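Beneath this line is the structure, given in structure tokens, with notes to follow.
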Amino acid sequence: MRDTKNSFRLALIFAMLALTAAFAAACSGGGGSDQGGGNGGEETEPITVASDIAYPPFEFNQDGEPTGFDIDLMNAVAERAGLEVEYQNVNFNALIQGLGTGQFEMAISATTITPERDEQFDFSEPYFNADQSLMVQSNSDIQNTGDLGEATVGVQLGTTGADEATQLEEEGDVADVRTFNTITDAFNALENGQVDAIINDFPVSADRASQSGGALDIVQNIPTGEQYGIAFPTDSELIPRVNEALAEVKEDGTYEEIYVKWFDEEPERIP
């Protein structure tokens, strides 16, 4: 009888231990969202990425979804960094201000790295080389910035194109600078004759010129040696992860594939 009781007690103890172990395993779950890395079935970390989604071919809406060079690149970087990106469409000037106040966790929007901006927020390593350009109607007498003495130049508010035009205005080489909230509005104003020229990032203006049916021409490349970077609030913990993933994208051929997809040519050099 004593042996039977002991056997029953032992069986009960083993059953309780098994239930405890099963409960602990169920509570622990899978890999946490802060583990990083997008492979191995690990859960990804949701991040809000701001972008002015009206700047083709870098970011624009297609069938209600954001697309473009920046979007494809950001998605590739996010996959390698273990991040789930959720895009927020924000006017570019508001995007710049929001980064300075920590309103967004990250931003990708053909944003040029400048010393002034570097004081307000932080950047990733560069991911794109760019210059400015002068665009006019195809029948315009304006052929370079030296012809802008009596012209009204359109620019997008908050951009380095606006900085370039403002400097020319201050030097007396431009009669007037007119700002627009989006570059699309500036392009439309040029086509309608409301401005005489536009100073803007070369790749974006080239894309619009190619779709204008010969109505618009780029008459001058303005070399500025600009580079775009992914932007973050100051001292963001995401910067090392994103830089590591960006380096992988550049090294494994993904960057070149995305570049060719959107610009129909290989990059002269990868930043």
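If a residue has to be within 19 Å of residue 221 (Cα to Cα), of a type outside the set (A, V, I, L, M) and buried (at least 16 other Cβ atoms within 10 Å of the Cβ) to count, how many in the stretch 153-172 make the cut?
Going through the stretch 153-172 one residue at a time, the tally reaches 8.
Would you point out which residue out of 129, 89, 93 is closer than 22 Å to residue 163 by Cα and modelled with pLDDT of 95 or more?
Just a single option satisfies the conditions, and that option is 129.
For every residue, the table says whether it meets (1) on the phi > 0 side of the Ramachandran plot; (2) charged (D, E, K, R); (3) not assigned by TED's automatic domain parsing to the domain that holds residue 136.
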{"residue": "185", "(1), (2), (3)": "no, yes, no"}
{"residue": "188", "(1), (2), (3)": "no, no, no"}
{"residue": "193", "(1), (2), (3)": "yes, no, no"}
{"residue": "199", "(1), (2), (3)": "no, no, no"}
{"residue": "213", "(1), (2), (3)": "yes, no, no"}
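Select, from 101, 114, the only residue that is outside the structural domain of residue 159 (by TED's automatic domain parsing), modelled with pLDDT of 95 or more and over 13 Å from the mean Cα position of the chain (by Cα).
After ruling out the rest, the residue left standing is 114.
Quick check: anything in the stretch 175-188 surrounded by 16 or more Cβ atoms within 10 Å (Cβ to Cβ) and small (Gly, Ala, Ser)?
Checking the stretch 175-188: at least one residue is surrounded by 16 or more Cβ atoms within 10 Å (Cβ to Cβ) and small (Gly, Ala, Ser).
Is it true that residue 249 is part of a helix (DSSP H, G or I), hydrophobic (A, V, I, L, M, F, W, C), touching a strand residue (DSSP E or B) at 6+ places or on another chain (Cβ under 9 Å) and closer than 17 Å to residue 128 by Cα?
In short, no.
Just checking, how many residues over the stretch 164-186 are within 18 Å of residue 109 (Cα to Cα), in contact (Cβ under 8 Å) with a residue 40 or more places away in the chain and in a helix (DSSP H, G or I)?
Within the stretch 164-186, residues that are within 18 Å of residue 109 (Cα to Cα), in contact (Cβ under 8 Å) with a residue 40 or more places away in the chain and in a helix (DSSP H, G or I) number 2.
Against the conditions (1) under 20 Å from residue 180 (Cβ atoms); (2) touching a strand residue (DSSP E or B) at 6+ places or on another chain (Cβ under 8 Å); (3) small (Gly, Ala, Ser); (4) assigned to a helix (DSSP H, G or I), where does residue 94 fall short? Just the number, please.
Condition (2) is where residue 94 drops out.
Condition first: in contact with a Gly (Cβ under 8 Å, 6 or more places away or on another chain), touching a residue at least 24 places away in the same chain (Cβ under 8 Å), buried (at least 22 other Cβ atoms within 10 Å of the Cβ) and not in a strand (DSSP E or B). Can you find one or more residues in the stretch 191-200 that meet it?
Yes - at least one qualifying residue is present in the stretch 191-200.
Can you name the condition, by its number, that residue 217 falls short on among (1) acidic (Asp, Glu); (2) surrounded by fewer than 16 Cβ atoms within 10 Å (Cβ to Cβ); (3) at pLDDT 95 or above?
(2)
The values are calculated or read from the model by the stated rules, or taken from the named source; none is laboratory data. Keep in mind it's a predicted model, so treat the numbers as computed, not measured. Heads up, the Cβs are rebuilt from the backbone with ideal geometry, glycines too, and the neighbour counts pull from every protein chain shown.
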